[in-house]
Amino acid sequence: MRTQFTLIFILLIKALSAQSLFLENGNIIDVQSGEVLSGQSILIEDGRIQALGKTLQAPAGIDRIDASGKFILPGLIDAHIHLFQSGGIYTRPDAMDLRSVVPYEEERAWLRENAGDMLKRYLAAGITTVADVGGPLYNYPIRDAQNQDPETATVFLTGPLISTYQPEAFQIKDPPIVKVNDPEEARQLVQKQLPYRPDFIKIWYIVGRGQTAEDNLPIVQATIEESHRHGRGRRDPYDLQRYL
């Protein structure tokens, strides 16, 4: 007979992050040993786990949740999503061009309208945080609005991919991928994103026919340097030569 587990995801509802909470008598998985620890309690104060254990006592007046027979798990993170893609057959005209059937702008409009619903579905599946690794500039206001909604997953994102190649299908207004032709254009595209407060900057480093990896290295280095100069990404020098 299949055992059914009810899962409690800590920080599942972002509104709880500012509260104190005591979860008691739940099951916790020790990720180092793989052992299931039963009868465990967790104390959360000011949005952080302060203590856990079997003999832990609840402070007076704190909100309590009985987790008996349930598993207590952290919120999951999907570290690679694209809000500009639906997963449907009309969403990547550079890979399968069906624009004659459904105009691409119609697909994009649907995605903008339904972004909140998609993020609610992530949260319902226990995914409390997502990282959007590249898309149009219009994603920034979506992120800012949805991150105020306690019923959706928290979004971290970057804007358009700073790329050495742009598919023809994305030669449109507010594209998800932008081709830069030299280091100065790369720096300008980083600067263009800064007012939107990108969580990170993404490079799409494509080597085309007749090119070598070294040909576009100055573009990549300029992107990294400009990103770091404005506090986006790693602060220490990054030597790409060792990867070539």
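For (1) open to solvent by 10 Å² or more (accessible area, probe 1.4 Å); (2) under 19 Å from Thr223 (Cβ atoms); (3) modelled with pLDDT of 95 or more, each residue gets a yes or a no:
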site: Asp117; (1), (2), (3): yes, no, yes
site: Ala125; (1), (2), (3): yes, no, no
site: Pro136; (1), (2), (3): no, yes, yes
site: Ile142; (1), (2), (3): yes, no, yes
site: Ala145; (1), (2), (3): yes, no, yes
site: Asp149; (1), (2), (3): yes, no, no
site: Ile162; (1), (2), (3): no, yes, yes
site: Gln166; (1), (2), (3): yes, yes, yes
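Among the residues that make up the stretch 82-104, is at least one of them open to solvent by 50 Å² or more (accessible area, probe 1.4 Å), within 30 Å of Gly135 (Cα to Cα) and modelled with pLDDT under 90? No; the residues of the stretch 82-104 include none that is open to solvent by 50 Å² or more (accessible area, probe 1.4 Å), within 30 Å of Gly135 (Cα to Cα) and modelled with pLDDT under 90. Look at the stretch 209-220: where a residue is under 18 Å from Ile162 (Cβ atoms) and part of a helix (DSSP H, G or I) and a partner is open to solvent by 20 Å² or more (accessible area, probe 1.4 Å) and at pLDDT 95 or above, sitting 6+ places away or on another chain with Cβ atoms under 6 Å, you get Pro218/Pro183; Ile219/Pro183; Val220/Ile203.
Beta carbons closer than 6 Å, at least 6 apart along the sequence or on distinct chains, pair a first residue in the stretch 115-127 that is among the aliphatic types (A, V, I, L, M) with a second that is open to solvent by 60 Å² or more (accessible area, probe 1.4 Å) for Ile127/Leu76. The one condition from (1) acidic (Asp, Glu); (2) in contact with a Leu (Cβ under 6 Å, 6 or more places away or on another chain); (3) closer than 24 Å to Leu76 by Cα that Asp174 does not meet is (3). Of the residues making up the stretch 45-74, just one is in contact with a Phe, Trp or Tyr (Cβ under 7 Å, 6 or more places away or on another chain) and small (Gly, Ala, Ser), namely Ala58.
The values are calculated or read from the model by the stated rules, or taken from the named source; none is laboratory data. Note that the structure is predicted; figures quoted are calculated from it, not measured. Cβ: placed from backbone, ideal geometry, glycine included. Neighbour counts: every protein chain shown. Note: areas computed on protein heavy atoms with side chains; ligands, DNA, RNA excluded. Shrake-Rupley method; radii C 1.70, N 1.55, O 1.52, S 1.80 Å.
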